[in-house]
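Trainee: One structure coming up, written as structure tokens, with questions to follow.
The values are calculated or read from the model by the stated rules, or taken from the named source; none is laboratory data. All values reported here derive from a predicted model rather than from experimental measurement. Cβ atoms come from the backbone with ideal geometry, glycine included; neighbour counts cover every protein chain shown. Areas reflect the complete protein model, heavy atoms only, side chains present, ligands, DNA and RNA absent. Shrake-Rupley method; radii C 1.70, N 1.55, O 1.52, S 1.80 Å.
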Amino acid sequence: MQRKLAAQLAVQSGLEVVSFEHFDCLVFERGQTLKMFSPRSSRMLGGSTQKRRVEGDLIVVFEEDLERLRPPSKRFKFGGLVTFMPTANFPSTIAGSEIIDGKVDRNFFGKIRDLLNALPDSKSEWISKFGEDFLSRTPTDRCIDTVKYLRCRE
């Protein structure tokens, strides 16, 4: 279900999809850091079982940490995670996230892009912005720090 949703959103948005062991991501930026969105659908509160919306996780990894799984697989894994953030932390992503006829509002992709673009592009920028020990903190602490940072920018 998650991979199918990612494929549908990729067709709508024109974004690249990267497949990992257990999920697919839409790639919003590829460089020293890979800035991605891993979508999933959820039932809309108070709606019928057919009324669904897109939510998910913003995921950032360093390109150098990507490893291809053993051939013939076209999927990847990543050794290190820079950060992840559930979109539920950003109320601005809710508007336009309803899935109607297999599509979401085009502005939804812009909101995800804006959040990811506000994050640093290189390892040195991450360290400069969040501190020397950022990459050694727990994933949860990095999530909290980046959510706070992005919320201040919203």
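Trainee: Taking the condition of being open to solvent by 50 Å² or more (accessible area, probe 1.4 Å) and under 22 Å from Asp114 (Cβ atoms), how many residues in segment 1-17 meet it?
Mentor: Residues flagged as open to solvent by 50 Å² or more (accessible area, probe 1.4 Å) and under 22 Å from Asp114 (Cβ atoms) within segment 1-17 amount to 5.
Trainee: While we're here: Thr140: over 24 Å from Leu15 (Cα atoms) and polar (S, T, N, Q), yes or no? Write out each step before concluding.
Mentor: Working: over 24 Å from Leu15 (Cα atoms): yes; polar (S, T, N, Q): yes.
Considered against the rule, which asks whether it is over 24 Å from Leu15 (Cα atoms) and polar (S, T, N, Q), Thr140 comes out as yes.
Trainee: When you go through (1) hydrophobic (A, V, I, L, M, F, W, C); (2) out of contact with any helix residue (DSSP H, G or I) (no Cβ under 6 Å at 6 or more places or on another chain); (3) closer than 27 Å to Arg151 by Cα one by one for Ala7, which number turns out not to apply?
Mentor: Going through (1) hydrophobic (A, V, I, L, M, F, W, C); (2) out of contact with any helix residue (DSSP H, G or I) (no Cβ under 6 Å at 6 or more places or on another chain); (3) closer than 27 Å to Arg151 by Cα one by one, Ala7 breaks only (3).
Trainee: I've got another one for you. Residue by residue through segment 103-151, note down the ones that are surrounded by fewer than 16 Cβ atoms within 10 Å (Cβ to Cβ), touching a residue at least 40 places away in the same chain (Cβ under 8 Å), within 30 Å of Lys4 (Cβ to Cβ) and of a type in the set (S, T, N, Q).
Mentor: Within segment 103-151, just Asn117 meets the criteria.
Trainee: Among (1) in contact with a strand residue (DSSP E or B) (Cβ under 9 Å, 6 or more places away or on another chain); (2) outside any helix (DSSP H, G or I); (3) under 27 Å from Met44 (Cα atoms); (4) aliphatic (A, V, I, L, M), which single condition is Ala95 missing?
Mentor: Unmet condition: (1).
Trainee: Right, another one. Kindly evaluate Ser73 against the criterion of being hydroxyl-bearing (Ser, Thr, Tyr), over 17 Å from the mean Cα position of the chain (by Cα) and within 25 Å of His22 (Cα to Cα). Talk me through it step by step, then tell me what you get.
Mentor: Details: hydroxyl-bearing (Ser, Thr, Tyr): yes; over 17 Å from the mean Cα position of the chain (by Cα): yes; within 25 Å of His22 (Cα to Cα): yes.
Criteria met by Ser73.
Trainee: If you don't mind, there's one more thing I want to ask. Could you name every one of the strands (runs of 3 or more DSSP E) located completely within segment 18-80 that has at least 2 residues being of a type in the set (S, T, N, Q) and either open to solvent by 20 Å² or more (accessible area, probe 1.4 Å) or modelled with pLDDT of 95 or more (or both)?
Mentor: Values: elements: 24-30, 33-43, 52-62, 66-68, 76-78.
Output list reads 33-43.
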